Amino acid sequence: QVRIVESGGGLVQPGGSLTLSCVASGISFDRAAISWFRQDPGNKRELVAVIGRNGDTNYGDSVKGRFTIYSDSAKKTVFLQMTSLKSEDTTVYYCNVLTDMGEYWGQGTQVIVSS
């Protein structure tokens, strides 16, 4: 059974940092491409960062230089380290896992950047 669970969201002040976690169980982790997206209700989904099967990474323009995606295959976990957070980073962040067997989403974790 595939299970995608995000955690690490919360309230942080502008300029602060937060690290999100995505645990992906029930999949071949080393054969998956894993991404972080974010989306407000009624707004377009935005790609934040992706880490491919070979470890290559890519970032959305709005987060380049501030966010870092990395993985720990032993823990089947992908992290999103977010620094220099801005109010416009406030939204729900979702983990997406793409494998040969299908595409899977987590339930999301809320990030609020506010003073």
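The values are calculated or read from the model by the stated rules, or taken from the named source; none is laboratory data. Since the model is a prediction, treat every value here as computed from it, not as a measurement. Cβ: placed from backbone, ideal geometry, glycine included. Neighbour counts: every protein chain shown. Just so you know, the surface numbers come from the protein's heavy atoms only, side chains and all, with ligands and any DNA or RNA stripped out. Shrake-Rupley method; radii C 1.70, N 1.55, O 1.52, S 1.80 Å.
If you roll a 1.4 Å probe over the heavy atoms of the protein chains, what accessible area per residue do you get for the chain, in Å²? Heavy-atom SASA per residue in the chain reads 54 Å². What the phi angles of the range 108-115 give under the Karplus curve with 6.51, -1.76 and 1.60, with θ = phi - 60°, is a coupling list of x, 9, 7, 10, 10, 10, 7, 8 Hz, glycine and proline written as x. Here the simple spin-label model places points 7 Å from the Cα toward Cβ, and for residue 75 and residue 57 these points are separated by 1.5 nm. A convex hull fitted around the alpha carbon atoms of the range 1-73 yields 118 Å³ per residue. Summary of the geometry: the range 60-113 and the range 17-47, compared by the centres of their Cα atoms, lie 5 Å apart.
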